[in-house]
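Structure, as structure tokens:
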Amino acid sequence: HTHRSHTTAALLLHSRRAKGGGGTYRPKPTPAAMAAASSPAMPSLLFFLFSVAATTALALVPANETFQNVNDGEFGPYITEYGDSYRTTSLFGAPYQLMWHNSTPGQFYIGLRMGLQRSEPLFRWVWDANRGRPVGENATLTFGTDGNLVLAEADGRVVWSTGTANKGVVGIRLLSVGNIVLYDKQGKLVWQSFDYPTDTLFASQSLRLTGPSKLVSRKSEQDNSEGKYSLVLERRGLALYMGGASPKPLPYYNYLGAPFGRFTFTKPTNITFTAKPETEDNFAWRLQLLEQDDGGASILARPKYNATLSILRLQTDGNLVAYTYYDPVDSQPTERTFAFFSEGGVLGGCELPSKCGSLGVCEDEMCVACPTPRGLLGWSKSCSPTSGGACKPGAGAGAGAGAGA
């Protein structure tokens, strides 16, 4: 994975040079401009105007770099996460590809799929542009000469865009780290998907106090909108919150009660999820959350293979999980390498609020019983408190007096 030894700008400039060519475009002067050029008072202004025109022309996306993908045709044949159907687009950067996908008929998202091998039992969806705002059949994804990437319905209604029209963008790339970037003629980033995380962090992606500062889980496997769990970067560390019945999200983990200082930092203006080798021979790797200001780190896992292609995801059940993709493996190249609530994680699996529903009994990370008026019964997903019915006015006071309270 040689991309780790290059900066993003160097990769982009190298990619552009490899394609060759493209001299400076100089517009043909009009007769009026030629006449003005003969005036001794105009040379500097004329030079300025021609410079602006040439710069503007160079800032356009070359026609052979533009594209429009239409959401139509046959679906792909392989099994993907959430049981989604999918259609491919032209934007690819191994092991990621931008695709149309849906779990509900007629409601599509444009997002990144992770995985290459046909033997992969489950391709994962790791980022969506239009989260919670699905589009229909025949929607379009267009990258035009103005440098704007636009998702629109079949009738032309814009649903999402990068907002980069006429901002000097000359190209688009999907980098092998999972970052979609729009860049200018110097190779500098104008827009990147890493600034818009959903429920997943890629290796080398950051959360920042100034934003983006959080991950938010999906609502469910079928619903791609924002769910009730969030991982938030705060001034002393990382916290996990749960929304729902309360108008204010409730913490189900924070750095104040962190065991062994896990997820607690000194002054974390930004925290980066990293995958780095621990040894020169690359036999051991380290997945960690790294504080950029003073180098403090919280180690998550130590895979015994190249872990460059790792992601950290806040799942629909509120657990924070790392997955590592290792493509040399012939079968099942994706492995779960860390889980926050698990044996060997930060907290035990039974401390996950959603583990056994609202009432179930958890033991050794397994749901073992459901309390009922008849005693403990076998646990099922329907395990919940029984409804006591409405109380009658004064019933409590009368019962208390009769009992001699």
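The values are calculated or read from the model by the stated rules, or taken from the named source; none is laboratory data. What you see is a predicted model; the values in this text were computed from it and never measured. Neighbour counts are summed over all protein chains in view; Cβ atoms, including those assigned to glycine, are modelled from backbone coordinates with ideal geometry.
Among the residues of the stretch 277-320, how many are of a type in the set (Val, Ile, Thr), in a strand (DSSP E or B) and crowded, with 19+ Cβ neighbours inside 10 Å?
Residues flagged as of a type in the set (Val, Ile, Thr), in a strand (DSSP E or B) and crowded, with 19+ Cβ neighbours inside 10 Å within the stretch 277-320 amount to 1.
Going residue by residue through the stretch 91-101, is there one that turns out to be more than 17 Å from the chain's Cα centre (by Cα) and under 20 Å from Tyr323 (Cβ atoms)?
no
Taking the stated definitions as given, is Ile172 of a type in the set (A, V, I, L, M), within 14 Å of Gly111 (Cα to Cα) and in contact (Cβ under 8 Å) with a residue 12 or more places away in the chain?
no
What number of residues in the stretch 370-382 are modelled with pLDDT of 85 or more and surrounded by 16 or more Cβ atoms within 10 Å (Cβ to Cβ)?
Of the residues in that region, 1 qualify.
Test each condition in (1) over 25 Å from Pro95 (Cα atoms); (2) of a type in the set (Lys, Arg); (3) at pLDDT 95 or above for Lys188 and report the one that comes out false.
With respect to (1) over 25 Å from Pro95 (Cα atoms); (2) of a type in the set (Lys, Arg); (3) at pLDDT 95 or above, Lys188 is out only on (1).
For the stretch 309-355, what are the residues that are among the hydroxyl-bearing types (Ser, Thr, Tyr) and without any contact (Cβ under 8 Å) to a residue 60 or more places away in the chain?
Thr324, Tyr326, Thr337, Ser342, Ser354 - these are the residues of the stretch 309-355 that are among the hydroxyl-bearing types (Ser, Thr, Tyr) and without any contact (Cβ under 8 Å) to a residue 60 or more places away in the chain.
Which one of these does Arg336 not meet: (1) of a type in the set (D, E, K, R); (2) at pLDDT 85 or above; (3) part of a loop (DSSP other than H, G, I, E, B)?
Result: Arg336 passes all but (3).
When you scan the stretch 204-243 for strands (runs of 3 or more DSSP E) that lie fully inside it, which ones turn up with 3 or more residues that are in contact (Cβ under 8 Å) with a residue 24 or more places away in the chain and more than 22 Å from Asn130 (Cα to Cα)?
Filter on the stretch 204-243 gives 238-242.
List the strands (runs of 3 or more DSSP E) that sit entirely inside the stretch 107-200 and contain at least 2 residues that are out of contact with any Lys or Arg (no Cβ under 8 Å at 6 or more places or on another chain), buried (at least 21 other Cβ atoms within 10 Å of the Cβ) and of a type outside the set (Lys, Arg).
It comes to 107-114, 124-128, 140-143, 149-152.
Checking Tyr252 against (1) in a loop (DSSP other than H, G, I, E, B); (2) in contact (Cβ under 8 Å) with a residue 60 or more places away in the chain; (3) more than 18 Å from the chain's Cα centre (by Cα), which test does it fail?
(1)
Filter the stretch 208-220 for residues that are aliphatic (A, V, I, L, M) and modelled with pLDDT of 95 or more and give the result.
Once the filter is applied, which keeps residues that are aliphatic (A, V, I, L, M) and modelled with pLDDT of 95 or more, the stretch 208-220 yields Leu215, Val216.
Restricting to the stretch 360-369, what's the tally of residues that are exposed (fewer than 15 other Cβ atoms within 10 Å of the Cβ) and either touching a Ser or Thr at 6+ places or on another chain (Cβ under 6 Å) or part of a strand (DSSP E or B) (or both)?
Counting residues in the stretch 360-369 that are exposed (fewer than 15 other Cβ atoms within 10 Å of the Cβ) and either touching a Ser or Thr at 6+ places or on another chain (Cβ under 6 Å) or part of a strand (DSSP E or B) (or both) gives 3.
Which residues, taken from the stretch 152-169, are touching a residue at least 24 places away in the same chain (Cβ under 8 Å) and over 14 Å from Trp191 (Cβ atoms)?
Selection gives Val159 alone.
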